[in-house]
1. Assuming residue 136 fulfils every condition listed in (1) at pLDDT 95 or above; (2) over 27 Å from residue 97 (Cα atoms); (3) assigned to a helix (DSSP H, G or I) apart from one, which condition is it?
2. Considering only residues that are within 12 Å of residue 117 (Cα to Cα) and out of contact with any helix residue (DSSP H, G or I) (no Cβ under 6 Å at 6 or more places or on another chain), which ones fall in the stretch 85-101?
3. Run down 187, 167, 199 and say which single residue is within 27 Å of residue 31 (Cα to Cα), out of contact with any helix residue (DSSP H, G or I) (no Cβ under 9 Å at 6 or more places or on another chain) and touching a residue at least 40 places away in the same chain (Cβ under 8 Å).
4. Quick check: anything in the stretch 150-158 at pLDDT 95 or above and either under 18 Å from the mean Cα position of the chain (by Cα) or assigned to a loop (DSSP other than H, G, I, E, B) (or both)?
5. So which residues in the stretch 104-145 are on the phi > 0 side of the Ramachandran plot and surrounded by fewer than 18 Cβ atoms within 10 Å (Cβ to Cβ)?
6. Given (1) in a loop (DSSP other than H, G, I, E, B); (2) farther than 17 Å from residue 13 by Cβ, where does residue 178 come up short, assuming only one miss?
7. Of the residues 185, 158, which is surrounded by 18 or more Cβ atoms within 10 Å (Cβ to Cβ) and at negative phi?
8. Among the residues of the stretch 111-118, is any part of a loop (DSSP other than H, G, I, E, B), over 19 Å from residue 195 (Cα atoms), modelled with pLDDT of 95 or more and under 16 Å from the mean Cα position of the chain (by Cα)?
């Protein structure tokens, strides 16, 4: 059983969450988990200007995915930051390249799941994940979120992301905040939960 954790990250926050998702999925027996990223669409000059070039070196080693390979997986867990309440354009551009898969019905019946990040506590995390769910439904995928059986879902101990729609983290207005324990645990739980659902289906 093969699971793809596919992410886009600008400053590294979503990458940290993606690693935790992948670890959670790999914790279930007989799961082959692959971590890949979508292509960057910003120029090197643009990345320099927004201060992202240095941060992206941390995950430059992660292979770039091709839309055609999505059909090779039994479950795909997508992760990307929110941009104005919607999925980042880099992930959207990648998804827009899956028309041939849609035409073939290649993703019908596969599990799809989504996680995200935002700069502020209410920066569109839920709307971003829900808008991505629309894409998954068009592909005929079965959606798996982050259930309330994850105890950290309801924490009041500190500010944290996560919702029943999927794991999330808050980067802070200047990007200095890194994923906290509740957010990383939520990401791990989501990956594990997807793998459990996949094992149950198989």
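The values are calculated or read from the model by the stated rules, or taken from the named source; none is laboratory data. On a predicted model such as this, the values are computed, not experimentally measured, just so you know. Neighbour counts run over all protein chains shown; Cβ positions are idealised from the backbone, glycine included.
1. (2)
2. Hit for the stretch 85-101 is 88, nothing else.
3. The unique qualifying residue is 199.
4. Yes, some residue in the stretch 150-158 is at pLDDT 95 or above and either under 18 Å from the mean Cα position of the chain (by Cα) or assigned to a loop (DSSP other than H, G, I, E, B) (or both).
5. Correct list: 105, 109, 140.
6. (2)
7. Values: 158 fails: surrounded by 18 or more Cβ atoms within 10 Å (Cβ to Cβ).
Only one candidate passes the filter, namely 185.
8. no
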